[in-house]
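Novice: Below is one structure. I have some questions about it.
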Amino acid sequence: MKRTSSSGWFLVGLGLSVGGLGTSAAAADFPATKLQGSDTSADDAFGLAVDMDAGFVVAGALGADNAKGAAYVWSPAGMQLHRLVAPSAVANDLFGSSVAIDGTAVLIGEAYDAGVAPYAGAAHVFDRDTGAHLMRLEAPDGMNGDEFGRSVAIGDEHFFVGAPNTSDQGHASGSVYAFDRMTGAFVHEFMDPS
């Protein structure tokens, strides 16, 4: 749970974690309501990942559609705008493992995607207003089991994607990858400096 304004508490993840919630004046006007995806059902794990920016909310449902996964975007008025899915998702990809929103950019992790290698992972960028898929991000050195996309964040100039199981500095030492926000080009891999 994260306090986003002096008027109260706003977002609560229904699963295990809540994303880093943005703060804004619009958050104070978000209606007090229970958000649910238009088609969520048993075992969808809806709400495991949640983020908010300027009153817009995004929530993941990594178990949706036989764990292909989905994510949902709501307006500041509490109206569902989009149901997002990975363009090439298959069962057990876990799209919606993590979510982030900043401005019109929505970043969604797909921790078990097998495009590079089994369970290597991917992340996807969508347009908040149109729901259009803009780009797919992958680790340039993705390996089996890295789970790239297990965590995501958006900075002013970069997308950040966590891969907790990379082994560059020992078994499951983990990495965070930075990508240019405009082009999607890989910029840097961060590892534990110790």
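Novice: Just grab the label-to-label distance for Asp180 and Asp43, each label 7 Å out from Cα along the Cβ direction, in nm (one decimal).
Specialist: 4.3 nm
Novice: If you don't mind, another one. So, with a 1.4 angstrom probe, what is the percent of accessible area on region 64-173 that is carbon and sulfur? Intermediate results must be reported in sequence, preceding the final value.
Specialist: Values: 2230 of 4390 Å².
Heavy-atom surface of region 64-173 belonging to carbon and sulfur, 1.4 Å probe: 51 percent.
The values are calculated or read from the model by the stated rules, or taken from the named source; none is laboratory data. Quantities reported herein were computed from a predicted structural model and do not represent experimental measurements. Cβ sites come from the backbone with ideal geometry, for glycine too, and all protein chains shown count toward neighbours. With ligands, DNA and RNA removed, areas are computed over all heavy atoms of the protein, side chains included. Shrake-Rupley method; radii C 1.70, N 1.55, O 1.52, S 1.80 Å.
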